[in-house]
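Heads up: the structure comes next, in structure tokens.
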């Protein structure tokens, strides 16, 4: 019996095992792209929420001389939250 020939059913299983997750991932990426394209406000809200989150995170960490400060204080974070609420009529 020659052992160099591979069983065709095993090759098909390997193709499915690799192809199915790749295809699923591609479909998910396409859906997320379509959602952000149809609603640019969603992406803008996400960016503003992340800015507010980074502001509070920066204020909580210890002051270090080697890292620049992007936000001056608590007032900046509160102003960002107020602007978000005024623009989108929702809490961040």
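What angle do you read, to the nearest 10 degrees and between 0 and 90, between the alpha-carbon axis of helix 8-38 and the longest principal axis of the chain? For helix 8-38, the angle is close to 30 degrees. Using only the alpha-carbon atoms, how far is helix 74-88 inclined from the longest principal axis of the chain? Give it as 0 to 90 degrees, nearest 10. Roughly 70 degrees, rounded to the nearest 10.
For the stretch 39-92, the convex hull spanned by the alpha carbon atoms encloses 72 Å³ per residue. Label sites at residue 50 and residue 24, each approximated as a point 7 angstrom past Cα along Cα to Cβ, lie 2.6 nm apart. The long axis of helix 40-60 is offset from the longest Cα principal axis of the chain by roughly 60 degrees. The Cα-based radius of gyration of the chain, divided by its Kirkwood radius, gives an Rg/Rh of 1.38.
All of the numbers you see were taken from the coordinates with simple rules; none came from a lab. Predicted model only: the values in this text are computed from it and were never measured. Cβ sites come from the backbone with ideal geometry, for glycine too, and all protein chains shown count toward neighbours.
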